[in-house]
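As structure tokens, the structure follows; a few thoughts come after it.
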Amino acid sequence: MRTDKNPATTLALFCKVVDNYGDIGICWRLARQLREEHGIAVTLWVDDLQTFQRICAEVDADAALQQIAGIAVRHWTGREGEFAATDIADIVIEFFGCDIPPGYIAAMAQCGPRPVWLNLEGLTAEEWVEGCHTLPSPHPRLPLTKHFYFPGFTAKTGGLMREGALEAQRLQFQSDPVAMANFLARFGVTQEEMAALKVSLFCYPHAPVPALFDAWRHGAQPVTCLVPEGVAADAVQAFLGAEAKAGACGSSGALTVRVLPFVAQPDYDKLLWACDVNFVRGEDSFVRAQWAGKPFVWHIYPQDENLHHKKLRAFLQRYSEGMEGLDAFSLRWNGVLPAGAAGDADWAALWPGLHAILPAAASRAVVWQHQMFAHGDLASNLLRFAASLR
Ligand code: TRH
């Protein structure tokens, strides 16, 4: 294989958009970083171009093949297709076990040398990940071995995705109040709203948003909640008494809710950097909130048999370090009842509990960030592992 510094290295990344934006959000970010920072010629295979378009406006939802930011984007239409060995990339990544076409796998077996084949898994803070990271999985019939690759929060995992220039960009933005004010003003945020506690809100529809709005409304501190269009739409609509479309805004008591457009990924980072507290969800926004160096609350993607409760607790165990206000709030935000608890959560107490520890959470966010920096970044770690297999 050519080295990861060699622009001729080719990589195919297969992404199946199961639900929401996270899968394509992660794959698109990874593809760009591999191309821009490592000179890899990336082909991104995506089955749902319409969802892709929401986070990247340049996407043509009808194109079988298109070039965006130096990346070949192919519409992945199914399991059919015949491929020759010359079609196969040096590194083949299937995101989250998305089952690449059998014809592609058959052609991989014809290659000499064989491509590196990785299954890039989802992020979890659970300990078992360390034992499974980089494990081989030989193909039952063909002379091919796939390896599992896990992102994670420890040195025994692949780390977290982070662009090389991200931290410098963030620090520059956050040290420039005019740039931050101009950014927020683009969405109609007024000076008065900027002076309040600024909260970005990205969560799944089942989050107890109405109860939180009530707590904010009756709280002592003014809160400006910036919510992307389509997020918590019912609760936002009920609060505004009007359709929750971008540009809509309303106030009641101490709370102002403003609906933003769903912005492109780089602007979403700026939103996180400009807010005082970020509510994030899934995987990618959850990681971006960690790079923002600000307090955040995670709404985890729900899984069967409440598997996500375990994952949430595993993360909080690593992260929340004595911040009971964050633990209590996060568990209730995710519908996890603390042992012995029953009935409705008391949001009028949970919010002040979180609010009181925000200074501690801000300090923790910075310490955590530096701990995570020490593990390098996922794209570089992954390429180093791929090179070691050849
Ligand atoms: O969209 P999500 O809920 O994705 C989830 C998770 O990835 C989960 O692990 C997966 O299994 C499930 O989908 C099927 O949340 P996530 O991961 O935060 O992805 C959102 C993406 O959208 C992220 O890349 C940030 C981006 N985004 C924008 O670009 N602009 C915006 O305005 C907002 C709110 C988000």
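Since every read-out is calculated from the coordinates, none of them should be taken as a lab result. The structure displayed is predicted, hence computed values, not measured ones. Glycine gets a Cβ as well: all are built from the backbone with ideal geometry, and neighbour counts include every protein chain shown.
Of note:
- Helix 307-319 axis, angle to the chain major axis (alpha carbon atoms, nearest 10°): 80
- Centre separation in Å (Cα based) which lies between the stretch 288-357 and the stretch 169-183: 29
- Sequence-separation-based contact order of the chain, relative, with Cα cut under 8 Å and 6+ spacing, percent: 14
- Counting every pair of alpha carbons in the stretch 166-373, the share spaced more than 25 Å apart comes to 34 percent.
- Top of SER285, SER137, SER380 by mean-square fluctuation, Gaussian network on the chain, Cα under 10 Å: SER137
- Efficiency of FRET between GLN174 and GLN317 - r from beta-carbon atoms, R0 35 angstrom, step 0.05: 0.75
- Helix 378-388 axis, angle to the chain major axis (alpha carbon atoms, nearest 10°): 20
- For the chain, the longest principal axis of the C-alpha atoms and the axis of helix 265-274 are separated by about 30°.
- Once backbone amide H atoms are built at 1.01 Å from N, VAL73 has LEU44, GLN66, GLN67, ILE68 as its partners under 5 Å, excluding neighbours fewer than 5 places away on the same chain.
- Secondary structure note: in the chain, about 20% of the DSSP beta bridges are antiparallel.
- Using a cut-off of 24 Å between Cα atoms, the listed pairs LYS16/LYS198; LYS198/LYS245; LYS16/LYS270; LYS198/LYS311; LYS16/LYS156; LYS270/LYS294 include LYS16/LYS198; LYS16/LYS270; LYS198/LYS311; LYS16/LYS156 as exceeding that distance.
- As a proxy for reagent exposure, VAL18, VAL277, VAL73 were ordered by neighbouring Cβ count within 10 angstrom, fewest first; the result is VAL18, VAL277, VAL73.
- Exposure proxy ranking, count of Cβ atoms within 10 Å, fewest first, for TRP117, TRP76: TRP76, TRP117
- Expected 222 nm ellipticity per residue - DSSP helices of 4 or more, -39500 (n - 2.57), all of the chain, to 500: -11500 deg cm²/dmol
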